[in-house]
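Trainee: First the structure, then my questions, so here it is.
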Amino acid sequence: MAYVIVFTNLKGGVGKTSDTDMMSLVASQIFHKKVLLIDVDLQANSTQNMSRTFNNVEYPQSFTNAVMEGSLKRAIVSLSSNLDFIAGSAGTHDLNEWILDHSKNKKGRYLFFKNMIEELQDGYDYIFFDVAPSTDNTVDAIMMCCDYIIPVQEVKRFSMDGTASLISNYLTPMVEAFPEEAHFQVAGVLPAIFQNRKRQQQINYEETVERYGQDNVFFTIIKRLERLDRFGEHGITLNDYQDRKIWAIFADLLLELEARITSFEQTGDILDFKFKPIYYDIENNKELAASKEIKLNGIDQ
């Protein structure tokens, strides 16, 4: 069954949509995993990004409309041979009231999407959700479907506060309220939009590692990269060396996530965890041998 994954933070602007989109593409295009990407953010940025990347594809139905009709299957559109997608819309705002009106109790609200997601899991290796940086009925119900949650933390104070609040004030009470139903794990904190030359960010990064422990902080770091920003403006490409650099970094991120999942499944925890990059040496800013396997011939449409 598919692993259900969410990159999130209670603070916006930390790069969670870019990370989610890139992971979906890397998993499906490089590693040939069967992936479903679902946009549930009110801003529908992932939907806009996929439209630019895959030449203005038409979406049969939004996530919100599909939920209201009782099944997500009719909303799925194929973007490539291994990547399917469900579009978001501004109507996601209405979904919060819909869930409230169509649930018998609090538990029903939290488990609202459970059957709908389980209906899809056999067909995929991964289901990635792009969610809003908020805590509402929709996000609550998605979190309860998750296997692994990844707090994306820009190495700045507000984002660090957002990560702490996400874990302590949101996820932990959810597990305490529904210990049998909430089966998600925090796979690790992902440092993002990191700039080596900024001393305060280095201090904040070291504080993050000290607070959560190195085992619980991803070794793969998403630095501030101009090309990644451009992907958000014009769509994701794979045509030149700078494109391949981004894809290589996210290839390592997927491999590290899979190693963390394996650790959880084998031991129930992440202890003495180590990860050595295969595709890109971020610390020394250079491609590794495996990155040459990423062919610069565009994205499989």
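Trainee: Ignoring everything except DSSP H segments at least 4 long, calculate the 222 nm mean residue ellipticity for the chain; use -39,500 (n - 2.57) per segment, divide by total residues, nearest 500.
Mentor: On the way: 12 runs with 125 residues, N = 301.
That comes out to -12500 deg cm²/dmol.
Trainee: Here's something else I'd like to know. Return the tail of the calculated pair distribution for the stretch 177-271, meaning the percent of Cα-Cα pairs more than 16 Å apart.
Mentor: 65
Trainee: Pop the C-beta distance of residue 181 and residue 161 into the FRET formula with R0 = 25 Å and round what comes out to the nearest 0.05.
Mentor: E between residue 181 and residue 161, to the nearest 0.05, is 0.35.
Trainee: Can you compute the equivalent ellipsoid semi-axes for the chain, i.e. the square root of 5 times each eigenvalue of the Cα gyration tensor, sorted largest first and rounded to whole Å?
Mentor: 28, 24, 17
Trainee: What ranking, highest mean first, results for peptides 214-225, 279-290 when packing means the other Cβ atoms within 10 Å averaged over each residue?
Mentor: Taking the mean over residues of other Cβ atoms within 10 Å, the ranking is 214-225, 279-290.
Trainee: Determine, from the Cβ-Cβ distance of residue 292 and residue 106 and an R0 of 45 Å, the FRET efficiency 1/(1 + (r/R0)^6), rounded to the nearest 0.05.
Mentor: About 0.30, to the nearest 0.05.
Trainee: Please report, in debye to the nearest 20, how large the charge dipole of the chain is about its Cα centre when each Lys and Arg carries +1 at its beta carbon and each Asp and Glu carries -1 there.
Mentor: Computed charge dipole of the chain: roughly 700 debye.
Trainee: Please compute the Kirkwood hydrodynamic radius of the stretch 1-151 from all pairs of different C-alpha atoms, in Å with one decimal. Working shown, then result.
Mentor: Numbers: mean 1/r = 0.0658 Å⁻¹.
Kirkwood hydrodynamic radius for the stretch 1-151: 15.2 Å.
Trainee: Then there is this: Of 76, 158, 3, which is farthest on the positive side of the dipole of the stretch 3-210, counting Cα position, with +1 on Lys and Arg Cβ, -1 on Asp and Glu Cβ, and the Cα centre as origin?
Mentor: Value: 158.
Trainee: Moving to a separate point now. Quick check: pseudo-label points 7 Å beyond the Cα along Cα→Cβ at residue 285 and residue 168, how many nm apart are they?
Mentor: According to this spin-label approximation, the distance is 3.6 nm.
Trainee: Can I ask one more? Please go through the stretch 32-136 and write out the trypsin sites (Lys or Arg not before Pro) that DSSP classes as loop and that have at most 16 other C-beta atoms within 10 Å.
Mentor: Passing sites in the stretch 32-136 are 34, 104.
Trainee: Skipping prolines and chain starts, which residues have an amide H placed within reach, meaning under 5 Å, of the one on residue 154, given they are 5 or more residues away or on another chain?
Mentor: It is 192, by chain and number.
Trainee: Based on alpha-carbon centroids, what's the gap between the stretch 76-139 and the stretch 180-238 in Å, whole number please?
Mentor: 25
Trainee: Next question. Could you tell me which GluC sites (Glu not before Pro) in the stretch 47-143 are loop residues by DSSP with no more than 10 other beta carbons within 10 angstrom of their beta carbon? Could the numbers behind the result be given before it?
Mentor: On the way: sites: 58, 69, 97, 118, 119; in loops: 58.
Loop-located and lightly packed - 58.
Trainee: Could I ask something else about it? Return the sequence-ordered ³J(HN,Hα) values of the stretch 25-34 in whole Hz as given by the Karplus equation 6.51 cos²θ - 1.76 cosθ + 1.60 applied to θ = phi - 60°, using x for Gly and Pro.
Mentor: Ordered by residue, 3J(HN,Hα) equals 5, 4, 4, 7, 8, 8, 9, 6, 7, 8 Hz.
Trainee: Given Cβ point charges of +1 (Lys, Arg) and -1 (Asp, Glu) and nothing else, what value in debye, to the nearest 20, does the dipole of the stretch 90-145 about its Cα centre take?
Mentor: Magnitude of the dipole: close to 360 debye.
Trainee: Then there's this: How about the stretch 179-269: which GluC sites (Glu not before Pro) there lie in a loop by DSSP and see at most 12 other Cβ atoms within 10 Å?
Mentor: Hits after loop and neighbour filter: 180.
Trainee: HN-Hα J couplings of the stretch 80-96 from phi, Karplus 6.51/-1.76/1.60, θ = phi - 60°, integer Hz, Gly and Pro as x?
Mentor: Values per residue, Gly and Pro as x: 8, 4, 10, 10, 10, 8, 10, 7, x, 6, 5, x, 4, 4, 6, 5, 4 Hz.
Trainee: Also, quick follow-up: Structure shown: which of 33/274; 106/223; 114/245; 33/245 lie over 28 Å apart, alpha-carbon to alpha-carbon?
Mentor: On the way: 33/274 24 Å; 106/223 39 Å; 114/245 37 Å; 33/245 20 Å.
Listed pairs above 28 Å: 106/223; 114/245.
Trainee: Please give the charge dipole size of the stretch 82-178, origin at the Cα centre, charges +1 on K and R Cβ atoms and -1 on D and E Cβ atoms. Round to the nearest 20 debye.
Mentor: On the way: 7 positive and 15 negative charges, 85 e Å.
For the stretch 82-178, the charge dipole is close to 400 debye.
Trainee: Which ³J(HN,Hα) values, rounded to whole Hz and listed in residue order, are derived for the stretch 202-210 from phi using the Karplus coefficients 6.51, -1.76 and 1.60 in 6.51 cos²θ - 1.76 cosθ + 1.60 with θ = phi - 60°, glycine and proline given as x?
Mentor: Along the stretch 202-210, the couplings run 5, 4, 5, 5, 4, 5, 4, 5, 5 Hz.
Laboratory data are not the source of any read-out in this text; all were calculated from the coordinates shown. Keep in mind that this is a model prediction, so the values were computed, not measured. Please note: Cβ atoms are built from the backbone with ideal geometry, for glycine as well, and neighbour counts cover all protein chains shown.
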